Amino acid sequence: MKRPLWLLCSTTVTLALLASCETSKPATDVSANAGGNSPSATRAGGSGESMESNGIRLTPFGDSPKFPEAQMQLRAPIAGSTVPSGEVAFDYQISNFLLTKMSGGPHMAEMANSMKGQHIHNIVDNEPYTAHYETKFSKPIPDGQHVVLSFLSRSYHESLKHRGAYDLRIINVGNTPAPATPIIDTKAPNLFYSRPKDTYSGADAKRIMLDFYLVNTTLEPGGNRVRATINGTEFMLDRWMPYMMEGLPAGENTVKLELVDASGTMIPGPYNSVTRKFTVAP
């Protein structure tokens with residue numbers, strides 16, 4: 001039985017439109033085209049815009065392997081507790097996330113990657129983190145009151161940023177009396193530094209990750225932001241994502257991070273402004 005000519009034409013047009021829609025889906029590649037030295041922004045696939053100024057390019061990326069069910073609980077030391085001087089013992093319970101496993105994904109081979117795999121970042125008083133590949137470990141902490149931030153990390157040191165993947169608490173070490181006012185308000189907006197850290201060389205120096213941790217706040221255009229000043233060049237970050245830094249010179253480099261409000265005024269907090277140095281090997 002022959003189909004009417006109008007039905008055949010309609011079917012052909014519909015198939016053509018479907019094919020056109022399929023091939024026009026946005027790409028997920030987060031790389032950006034090289035630009036000049038003047039400040040600029042270019043579309044970087046599904047992750048956002050790449051910003052460039054003074055030869056430094058900053059590109060957000062959001063296509064890392066996801067672990068939405070990952071959960072971490074710090075069982076000891078107990079929040080607000082006092083522990084003996086010296087080595088402080090930490091005990092974590094982790095579910096739906098495997099320590100020491102390689103994270104995979106497109107960025108594992110692009111940036112510095114720990115050959116020991118996924119791990120915990122343990123940050124005391126916003127000092128450089130220590131990486132741990134087991135749920136139980138000890139580390140020396142001076143007497144006094146301290147702020148401890150812990151979070152799960154991919155093998156290439158990118159933090160997991162959902163609510164169940166981190167823990168923030170205050171502990172007291174030794175017999176030093178605790179201050180009348182805690183050294184940090186754990187319910188206020190707080191910024192912590194994570195990466196970059198130490199020295200980068202060879203292929204690891206081409207793309208260096210900028211990653212930080214936020215508690216009790218979000219970033220958005222017209223709201224709170226992070227002002228990142230890299231070697232004196234300022235970038236305003238309005239999304240909490242990891243950022244790939246390119247174009248950094250050999251030698252010592254400096255990153256300053258500040259948590260600011262919509263007007264650019266720094267939000268009060270002991271760690272909401274932090275400056276770190278790292279080295280790019282020639």
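The numbers here are math on the coordinates, done by the rules we state, and not lab data. Here the structure is a predicted model, which is why all the values come from computation and not from measurement. All Cβ positions, glycine included, derive from the backbone under ideal geometry; neighbour counts span all protein chains shown.
Go through region 209-215 residue by residue and turn each phi into a ³J(HN,Hα) via Karplus (6.51, -1.76, 1.60, θ = phi - 60°); whole Hz please, and just put x for glycine and proline.
Once θ is set to phi - 60°, the couplings for region 209-215 become 7, 9, 9, 9, 10, 10, 10 Hz.
Given an 8 Å cut-off on Cα distances and at least 6 residues of separation, report the relative contact order of region 82-147 as a percent.
44
Mind putting a number on the dipole of region 136-282 about its Cα centre? Charges go on the C-beta only, +1 for Lys and Arg and -1 for Asp and Glu, and I need it in Debye to the nearest 20.
Charge dipole, region 136-282, about its Cα centre: 340 debye, nearest 20.
Measure out, as a whole number of angstrom, how far apart the alpha-carbon centroids of region 55-122 and region 231-274 sit.
Region 55-122 and region 231-274 have Cα centres spaced 21 Å from each other.
Could you name the aspartates and glutamates in cross-link range of Lys139, using Cα to Cα under 20 Å and dropping any fewer than eight places away on the same chain?
Filter leaves Glu87, Asp91, Asp125, Glu127, Asp167, Asp198.
Positive end of the dipole of region 88-166, charges at C-beta (+1 Lys, Arg; -1 Asp, Glu), about the Cα centre: which of Tyr133, Ser103, Leu152 has its Cα farthest in that direction?
Positive-end residue among those listed: Ser103.
Count the DSSP beta bridges whose two residues both fall in region 65-154, then state the antiparallel fraction as a percent rounded to the nearest 5.
Of those bridges, close to 100 percent are antiparallel.
Between the DSSP loop rule and a limit of at most 10 other Cβ atoms within 10 Å, which GluC sites (Glu not before Pro) in region 181-282 are left?
Here no loop site has a sparse enough neighbourhood.
Non-local amide H neighbours of Asp91 (under 5 Å, H modeled in plane, Pro and chain starts lacking H): which ones?
Those qualifying (amide H under 5 Å, at least 5 residues apart or on another chain) are Arg75, Ala76.
With θ set to phi - 60°, apply the Karplus curve 6.51 cos²θ - 1.76 cosθ + 1.60 along region 73-85 and write out the HN-Hα couplings as whole Hz, x wherever there is a Gly or Pro.
My calculation for region 73-85 gives 10, 8, 8, 7, x, 6, 4, x, 7, 10, 10, x, 4 Hz in order.
From a point 7 Å beyond the Cα of Ile267 in the direction of its Cβ, which residues of region 109-145 have a backbone N at a distance under 18 Å?
Label zone hits: 126.
Taking region 159-282, how many lysine pairs are there with alpha carbons less than 22 Å apart, if each pair must be eight or more places apart or span two chains?
Summing the qualifying lysine pairs gives 9.
In terms of modelled amide H atoms, which long-range or inter-chain residues lie less than 5 Å from the amide H of Thr199?
Answer set, sorted by chain and number: Thr279.
Which residues in region 251-278 place their backbone N less than 20 Å from a point set 7 Å from the Cα of Arg239 along the Cα-to-Cβ direction?
Correct set: 258-262.
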